[in-house]
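Everything on this sheet refers to the single structure shown next.
FYI, it's all coordinate maths here, none of it is from the lab. Predicted, not measured: the structure shown is a model, and the values here were computed from it. We place every Cβ from the backbone using ideal geometry, glycine too, and count neighbours over all the protein chains shown.
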Amino acid sequence: MNLKDFIRSIPNYPKKGILFRDITTLIKEEKAFAETINQIVEKSNKYKFDKIAAIESRGFVFASAVSYLLNKPFIMLRKKDKLPADVHSVDFELEYGTATIQVHKDSINKNENVLIIDDLIATGGTAEAAAKLIEISKGKVSAFIFVIDLFDLNGANNLKKKGFSVESLMKFPGH
C-alpha cells in the first residue's frame, strides 16, 4: 500500500505560499490508518524507550494508537494553557508564526527515554521545542518518528545535525 496516495495536498493553506499536506484523508481510510500505525510500530522497534510523547494535535492521533499497541505510557505535549497542573514550557518559531508547547512536570522521570511521534516535520521548530521539553523534564529523546517529512524544508536534517534519530514514513516537497 502506498500511503502517499492517501495524503491530500491543499495549496495556500493556512496562508498563501504554504502547500498543506492533509492527513485526514489517510486516517479516514481504516486500512491506510492501520498500515500507518503498523509502520510506526515497526520503525519504533529500533529504539529503546519508556514512554511515547506526541505533539498536539495531529500527533495524538498516531501516538495514542502506537502507545496502546506497545503498552507504553502516552504523554501529551500541548499548546499553551491546555494542561491543568504544573508545566514546563518552551516557546518556538513556526514556519508561519510563533507558539508555545507545554508538558506536565510529572510526565517524565529523570533519565526516561521518550519516543516523539508527530504527523509531519517541516522546518523542525515544533520538534526541537518538543525535544527541549523532554530534556527540561530530565528525560532523553530516543527518536522522532513522523508520518510525513517535508524534506526540502530541512527540519529532519536539522534534527539529525543536532544528534537526534529521525524516521519518517513518507516524504513530500514542502512547496
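In table form, for the structure just shown:
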read-out: Amide H within-cut-off set for G139, under 5 Å, with H built and near neighbours excluded; value: N111
read-out: A53 long-range amide H proximity, modeled H, under 5 Å; value: I75, L115, I116, I117
read-out: Extended-chain gain in nm, criterion 0.36 nm per residue less alpha-carbon gap, S165 and A85; value: 25.8 nm
read-out: Value of [θ]222 nm, deg cm²/dmol, for the chain, DSSP H segments ≥ 4, -39500 (n - 2.57) each, nearest 500; value: -8500 deg cm²/dmol
read-out: Over 18 Å between alpha carbons, listed pairs K46/K79; K105/K138; K105/K140; K138/K160; value: K46/K79; K138/K160
read-out: Antiparallel DSSP beta bridges within the chain, as percent of all bridges there, nearest 5; value: 40 percent
read-out: Intensity falloff of segment 110-175 expressed as log10 I(q)/I(0), Debye formula with alpha-carbon point scatterers, at q = 0.14, 0.18, 0.26 Å⁻¹; value: -0.36, -0.58, -1.10
read-out: Residue-wise HN-Hα coupling along segment 76-88, computed from phi with Karplus coefficients 6.51, -1.76, 1.60 (Hz; x: Gly, Pro); value: 9, 9, 10, 5, 3, 6, 9, 9, x, 9, 4, 10, 9
read-out: Cβ-placed point charges (K, R +1; D, E -1), dipole of segment 132-175 about Cα centre in debye, nearest 20; value: 240 debye
read-out: Chymotrypsin sites (Phe, Trp or Tyr not before Pro) within segment 27-130, DSSP loop, no more than 13 other Cβ atoms inside 10 Å; value: Y96
read-out: Prolate/oblate/rounded label for segment 1-145 (Cα gyration tensor, a/c 1.5); value: oblate
read-out: Residues with amide H under 5 Å from that of N154, placed H, sequence gap 5 or more; value: none
read-out: Range in the chain, longest, excluding exposed trypsin sites (Lys or Arg not before Pro) [loop by DSSP; at most 16 other beta-carbon atoms within 10 Å]; value: 49-79
read-out: Modelled FRET efficiency - R0 25 Å, N45 with N157, Cβ distances, 0.05 increments; value: 0.60
read-out: Segment 40-172 - charge dipole about Cα centre, Lys and Arg +1 at Cβ, Asp and Glu -1, debye rounded to 20; value: 400 debye
read-out: Relative contact order [Cα under 8 Å, 6+ residues apart], segment 7-85, whole percent; value: 20 percent
read-out: In sequence order, calculated HN-Hα J values of segment 158-175 (Karplus, 6.51, -1.76, 1.60; Hz; x Gly/Pro); value: 5, 5, 4, 4, 8, x, 8, 7, 9, 10, 8, 8, 7, 10, 9, x, x, 10
read-out: Dipole magnitude of segment 95-173 about its Cα centre (Cβ charges: Lys, Arg +1; Asp, Glu -1), debye to nearest 20; value: 380 debye
read-out: Of Y68, A156, L3, farthest towards positive along the dipole that unit charges on Lys, Arg, Asp, Glu beta carbons give the chain; value: A156
read-out: Computed over segment 40-172: relative contact order in percent, which uses C-alpha pairs under 8 Å that are six or more apart; value: 24 percent
read-out: Highest-fluctuation residue, L153, L115, L77 considered, GNM on the chain with Cα pairs under 10 Å; value: L153
